[in-house]
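The values are calculated or read from the model by the stated rules, or taken from the named source; none is laboratory data. From a predicted model like this one, the values you see are computed outputs, not experimental measurements. No Cβ is skipped: glycine too gets one built from the backbone with ideal geometry, and neighbour counts run over all protein chains shown.
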């Protein structure tokens, strides 16, 4: 195996300064400045920016152990802010930019943050509007390029850099001593849980625990190369993107390119990445986009469906008796497959699959899937096209990966075996318990929650129920709180039902409902854009003034339709057909007996989704209580 020279142990300020001095000429960050324009900076330039910002924070009075928060979308400046705090020996508090003013106040007050970075004037207005409710907050720094204001308590990046430059010129040794004085076991960051099941808690990670997490991942995955590009579009406020993506990229001193969930597809062509982190919802969107392109003519549709069948036949032919599939880089996908199937595969690879790989930029090596279950069907779909997805499992508290598939031994539908240096065991009720150097030792200001999170012998309680598969590979059944219980006592994992629709052409999201009820029902969000195209092609009329869209260009997506739209019989029939097909794969008591078709997508603004696109079931069920009530006899609800 190629030498992984970058598996080293040090604080993150030391890691940045290693890259700035030893790999200063390498491209560090790359981002778009317009529809087709990009710019980039090297590791030397990144180090210089961080030095000035960090010294600026010191000039404003930030002391070792002080908290400073970052509230911004994923962008290069997020990293500048983060490392400026870390190099001043501070603790970075992560705040999702989509959080409400009330939630912002809670996180700032709970952490005791003295400084707050915000992305733009819109977020600045949210923060200043509640400044009186945040007594520890002293300064706000705006990341938006060129910002300059009159309030002395609000600075632009340029102003903060000027302060830092003056300190560095006056006394460079004091800054050098500060970042070198950061200890491996010092607290590094407070990352608040997404709150899918209750009040947010601040998971505290140290430089040691996050370094252990990066080491763990680097051991498990193929070696990074100097020309690799890691494309980043998930929230940096979450440990998944920040550690698995940026953390390992920083260790290997490779390029990070910046995108967003709304512009992933076109940005794959711009940056031509080799690696990226993603969540199942994004893979579903990529697959649906490919299928929609292939459905523009009957001939293309037929070829695409033939290609998918052939690819899956090859994938299944290559699987071992336990279902393991070797997806190692450079492997011959047709090795050991009968000649007739090989011939068909080479044909569809030329006609379809190579074009799909080209959509990923043409340099793609492998990607990760986490923060939700990737259905076995969807995993096999991408395998059939020669697209490598490594599914893993972890939590904010474990700094992500505790289980991870291996490229040479992928088991679709599983999250793989335990990672290096991580221990795991199943509790009597099936809950997965883990221990390792990557796991937190505390929640901020919450000793009671800390005690509740661990067993007496120090294993972290993940809250997820698992099944043990061959060779130690585990399958996630559901969150303990996601297992629905009928009034008959029958248990049904909500995730099992949800995953049946991951490659559906007409259904976007299904939220099953069953707790304390006689049978299963569901809330259904159709794929509005697919139905718009179908209605237009078939001449079905609907009120276009009711349509609402989000995003621009290729990323434009319909998020709301009118009552007449979801009332169309054509839509009802196609949704029902998909529902009955899914029911055919379920036990009798698991089947969805009734469903309500919704006229809008779930969103963060109404608390229905987390920033990593996971559904908050309890919020959705509360928000659509009326629709659910209509599905049951009145005596039930």
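Quick look at the numbers
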| quantity | calculated |
| --- | --- |
| Test: residue in the range 206-214 that is farther than 28 Å from residue 443 by Cα and either surrounded by 17 or more Cβ atoms within 10 Å (Cβ to Cβ) or not assigned by TED's automatic domain parsing to the domain that holds residue 435 (or both) | no |
| Given (1) at pLDDT below 95; (2) surrounded by fewer than 17 Cβ atoms within 10 Å (Cβ to Cβ); (3) within 30 Å of residue 551 (Cα to Cα), number of the condition residue 272 does not satisfy | (1) |
| Subset of the range 290-311 [over 14 Å from residue 385 (Cα atoms) and in contact (Cβ under 8 Å) with a residue 60 or more places away in the chain] | 292 |
| Any hit, the range 466-475, residues being surrounded by fewer than 22 Cβ atoms within 10 Å (Cβ to Cβ) and touching a helix residue (DSSP H, G or I) at 6+ places or on another chain (Cβ under 8 Å) | no |
| Complete set of residues in the range 391-418 that are out of contact with any helix residue (DSSP H, G or I) (no Cβ under 6 Å at 6 or more places or on another chain) and assigned to a loop (DSSP other than H, G, I, E, B) | 405, 407, 408, 411, 414, 415, 416 |
| Members of the range 43-76 that are touching a strand residue (DSSP E or B) at 6+ places or on another chain (Cβ under 8 Å), assigned to a helix (DSSP H, G or I) and over 13 Å from residue 164 (Cα atoms) | 43, 45, 46, 76 |
| Conditions (1) modelled with pLDDT of 85 or more; (2) crowded, with 17+ Cβ neighbours inside 10 Å; (3) part of a loop (DSSP other than H, G, I, E, B); (4) under 30 Å from the mean Cα position of the chain (by Cα): number failed by residue 631 | (4) |
| Selection from the range 511-527 of residues that are part of a loop (DSSP other than H, G, I, E, B) and within 22 Å of residue 379 (Cβ to Cβ) | 527 |
| So residue 278, is it buried (at least 23 other Cβ atoms within 10 Å of the Cβ), at pLDDT below 95 and at negative phi | yes |
| Strands (runs of 3 or more DSSP E) wholly inside the range 85-198 that include at least 3 residues being in the same structural domain as residue 69 (by TED's automatic domain parsing) | 91-95, 115-118, 139-142, 154-156 |
| So residue 104, is it touching a helix residue (DSSP H, G or I) at 6+ places or on another chain (Cβ under 7 Å), crowded, with 24+ Cβ neighbours inside 10 Å and either free of Cβ contacts under 8 Å to residues at least 40 places away in the same chain or closer than 22 Å to residue 43 by Cβ (or both) | yes |
| Failed condition for residue 491, given (1) at pLDDT 90 or above; (2) more than 27 Å from residue 436 (Cα to Cα) | (1) |
